[in-house]
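All remarks here apply to the structure that follows.
Laboratory data are not the source of any read-out in this text; all were calculated from the coordinates shown. Predicted, not measured: the structure shown is a model, and the values here were computed from it. No Cβ is skipped: glycine too gets one built from the backbone with ideal geometry, and neighbour counts run over all protein chains shown.
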Amino acid sequence: LAGDGAPALARLTLAEAALDEALGALLLAQAASGPEAPSLAQRLGVASPVAEAFAAHLGRRTPPPGLEPLSPTAVEVLTSRLGRRLAEERPRLWVVEDLHAAGPEQRRLVAALARAGEDAPLLLVLTSRPGLDAETRAALTALGSFQHLPLARLAPEDVATLLGLAVEDRALGQR
């Protein structure tokens with residue numbers, strides 16, 4: 001699910017580093033949730049050194065001594081696998097705003113998560129301004145579950161109404 005247009009109430013622009021950090025923190029936090037949560041290596045079905053290198057990548061750290069950084073392809077595969085495994089445990093809803101501001105690697109990771117959600121209980125909501133790069137749009141459009149919803153900019157009175165509803169004070173929204 002992707003929408004083109006400006007969000008109505010607030011917009012968080014994600015620079016490449018912030019998107020990396022946000023995706024990494026989200027995946028690591030959800031992978032470690034619960035006292036009986038399986039290890040990252042168990043969830044991914046990989047050896048501990050690979051899981052350690054992946055965790056370092058997600059945490060924006062250098063890999064532990066003796067481990068090489070993972071290739072971009074390996075990161076995409078592991079991101080997709082982790083997204084799928086987390087969704088299989090319980091339904092997930094993840095929102096990525098301002099995809100147009102992300103770099104190529106981050107857009108490929110988001111596409112990998114979208115592929116993971118193809119037949120898993122995972123809803124990935126993406127926002128982007130018009131002009132999302134052709135490669136990302138093609139990767140997403142190729143997915144059978146992808147839906148594109150173009151959104152027009154809200155009129156000022158519509159923004160005021162939404163603000164009033166959000167803060168439960170219609171009068172404040174009209175000021």
Exercise. Distance from a point 7 Å along Cα→Cβ of GLU89 to each backbone N in segment 103-145: keep the residues under 19 Å and list them by number.
Key: 113-114, 116-124
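Work out, step by step, the length gained on full extension between ARG129 and ALA166: first 0.36 nm times the residue separation, then minus their alpha carbon distance; give nm to one decimal.
Working: separation 37, 0.36 × 37 = 13.32 nm, distance 2.34 nm.
Using 0.36 nm per residue and subtracting the Cα-Cα distance, I get 11.0 nm.
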Quiz prompt | Backbone HN-Hα couplings from phi across segment 124-130 [Karplus 6.51/-1.76/1.60, Hz, Gly and Pro as x] | solution = 10, 9, 10, 10, 7, 6, x
Quiz prompt | Debye, to nearest 20: dipole size of segment 55-115, +1 on Lys, Arg Cβ, -1 on Asp, Glu Cβ | solution = 160
Exercise. State, as an integer percentage, the relative contact order of segment 68-175 based on alpha-carbon contacts under 8 Å between residues 6 or more apart.
Key: 24
